[in-house]
Amino acid sequence: MATPTSAGELLQLVRTGQATTRKALRTRSGLSRSTLTARLEQLQAAGLLAEGDQEDSTGGRPARQLRFDDQHAVVLAASIDTMHAEAALTDLSGRRLARRGGALRVADGPEPVLARIAEWFEAMLAEVGRPVCGVGVSVPGPVEPGRARVTQPPIMPGWDGYPIDGYLGARFGAPVLVDNDANLMALGEHRARYPDSAALVVVKVSTGIGAGLVIGGEVYRGVDGGAGDIGHIRLPGHPEARCLCGSVGCLAAVASGGALAARLTELGLPTTSGSGVRERIVAGEPAAVRLAESAGRQVGEVLATLVCVVNPGVLVIAGDLAEPHFVAGVREVLYRRALPRATQSLRVEIGGRGLALGGAVAMVVEAVFAPAEVDRRLAARA
C-alpha cells in the first residue's frame, strides 16, 4: 500500500494489524492529528472501528488500541461439491457462529441447489440476527474473474452462465462473490495456516481434480480463470480414459475420485463418488488402497512439473483423496521427478476440512472492506 491517507486505507492498517494506535497510524500516514481524528470518527460512526483497552505504557499517556469491529455484521458462506454442500455464518474474523450441511447433488441444477442453501442461510440468520455484509460461494467449476457465475463447467449441468449473484443477492440484499473451490481452498489455507508463504498450491482431488494457487498473498486466476486446471492435463498411455470435458487421457479421467470409483465398481465394489472411495480406503479395502497409491503417483507426475514452474513453499493435498496412501504416492513421484532446487524447501501437507468455506469468508471480507470500497460507502453516508 502507498502512504495511507483515506479512511479506508486507515481501516485496512487496523484490520490487518499493521497499525493499531492513533500514534502508529499518524506515523504511517503522515496525516495531521485533526485529519486523522476526523477519519477515525467516520469509521467509528459507520460501526467499522472500535477503541479498546489501553496499551502498556513505557512513559507518558498510554495509547488506546484501535480494532476493527468484527461483530457488527456477518458473512454467509457456502461450499458446493458434487454430492454435498455445507454453509456457515461467521463474524468478520471468520469465527463460525452457525453451520448447516447435507447431501445435495450439484447435477440437479442451480435453482434446487441454491434454494436449499438459501434455506440454510435463512435458518442461521434467524439464530444470529445480524446484518449480512456479503455472501461467498465456492463451486466445483471454472469461474470467470469478476463474475459470480460458472463458465462451461464439466460436472455442473445447467449451471453455465447462471446468475448466482442475482439469485442470492435478491434474497439477502448483499454482494455475492463466487469462485472455484480449489481457489478458495488455497485462499483459506493461506490465510489460516500459511500467511507468510510467498507461493502456495492446493490440489483438490475429489470427484474431479483442480489446483488453486496463491502467489504473493493473492489468488492467481490467470487471464480468464483457467489457472490451476490441472485435471485436464493429458497423461500418455490412457486412450481409453474418456473425460467429461470430451477429451481422452485427462488426469481427472485417470486419477480422480470419480475415476477410481468407476474402477472399483468394475471390480465388483460399487462406488459412486470420491467420498465413497475414501470410505473404502479408510475401511482398509485392498483394491481401494492400491488404486489410491497408483493415482497418487499419477498426480505426482503432473505436480512435479507444476512445482518446477511455480516453486511453491507449501503444497497441500485436499479433497476426498487427501489421505496417507494417496499422498504417499504423490510424494514418491514428486520428489523423484522434480528438480531438487524446486523441492528443497517444499512442504507437502494434507489439508483439513472446510477450507473452501474459510476461503469464501476471506474473499468476501477482503472485497467488502477493501479501502476503495470502504471509502465509497463512507462517501455515500455523508
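The values are calculated or read from the model by the stated rules, or taken from the named source; none is laboratory data. Treat the numbers as computed from the prediction; the structure is a model and nothing was measured. Here Cβ is always computed from backbone atoms with ideal geometry, including for glycine, and neighbour counts include all displayed protein chains. Side chains are part of the model used for accessible areas, which takes the heavy atoms of the whole protein and leaves out ligands, DNA and RNA. Shrake-Rupley method; radii C 1.70, N 1.55, O 1.52, S 1.80 Å.
Quick look at the numbers
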{"read-out": "Three-way shape call for the range 201-286 based on the alpha-carbon gyration tensor, with the a/c threshold at 1.5", "value": "oblate"}
{"read-out": "Formal net charge of residues neighbouring G161 (Cβ-Cβ distance under 13 Å; K, R +1; D, E -1)", "value": "-1"}
{"read-out": "Cα convex hull volume per residue for the chain (Å³)", "value": "161 Å³"}
{"read-out": "Förster-model FRET efficiency, 45 Å R0, E127 and L339, C-beta, rounded to 0.05", "value": "0.30"}
{"read-out": "Spatial separation of Cα centroids for the range 11-28 and the range 136-152, in angstrom", "value": "34 Å"}
{"read-out": "Protection proxy ranking of 270-278, 241-249, 313-321 - average other beta-carbon atoms within 10 Å, highest first", "value": "313-321, 270-278, 241-249"}
{"read-out": "Length added when fully stretched, L346-E332, from 0.36 nm per residue minus Cα-Cα", "value": "3.7 nm"}
{"read-out": "The range 60-218 - Rg over Rh from alpha carbon coordinates, Kirkwood radius", "value": "1.01"}
{"read-out": "For the range 259-310: rounded, prolate or oblate by the Cα gyration tensor [a/c cutoff 1.5]", "value": "prolate"}
{"read-out": "Cα-only radius of gyration and Dmax that characterise the range 1-132, units Å", "value": "20.2, 66"}
{"read-out": "Beta bridges by DSSP in the chain, antiparallel share as percent, to the nearest 5", "value": "60 percent"}
{"read-out": "For the range 16-148, share of DSSP beta bridges that run antiparallel, in % to the nearest 5", "value": "75 percent"}
{"read-out": "Environment charge of V248, counting only residues whose C-beta is closer than 15 Å and scoring Lys/Arg +1, Asp/Glu -1", "value": "+1"}
{"read-out": "Charge context of E349, other residues only, Cβ under 9 angstrom, K/R +1, D/E -1", "value": "+1"}
{"read-out": "Cα convex hull of the range 126-182, projected area averaged across orientations, nm²", "value": "4.6 nm²"}
{"read-out": "Protein accessible area in the chain, 1.4 Å probe - carbon and sulfur %", "value": "49 percent"}
{"read-out": "Spin-label pair H72/T3, simplified geometry with 7 Å Cα→Cβ offset, distance in nm", "value": "2.8 nm"}
{"read-out": "Probe 1.4 Å, accessible area per residue of the chain, Å²", "value": "45 Å²"}
{"read-out": "Three-way shape call for the range 127-252 based on the alpha-carbon gyration tensor, with the a/c threshold at 1.5", "value": "oblate"}
{"read-out": "15 Å cut-off, amide nitrogen to a point 7 angstrom out along A367 Cα→Cβ, residues in the range 198-217", "value": "none"}
{"read-out": "Volume of the Cα convex hull of the range 245-382, divided per residue and given in Å³", "value": "165 Å³"}
{"read-out": "Calculated FRET efficiency for the pair S247/L97, C-beta based, R₀ 35 Å, to 0.05", "value": "0.20"}
{"read-out": "Modelled FRET efficiency - R0 41 Å, L267 with R353, Cβ distances, 0.05 increments", "value": "0.90"}
{"read-out": "Amide N of the range 81-122 lying under 19 Å from the label point, which is placed 7 angstrom from the Cα of A170 along Cα→Cβ", "value": "109-122"}
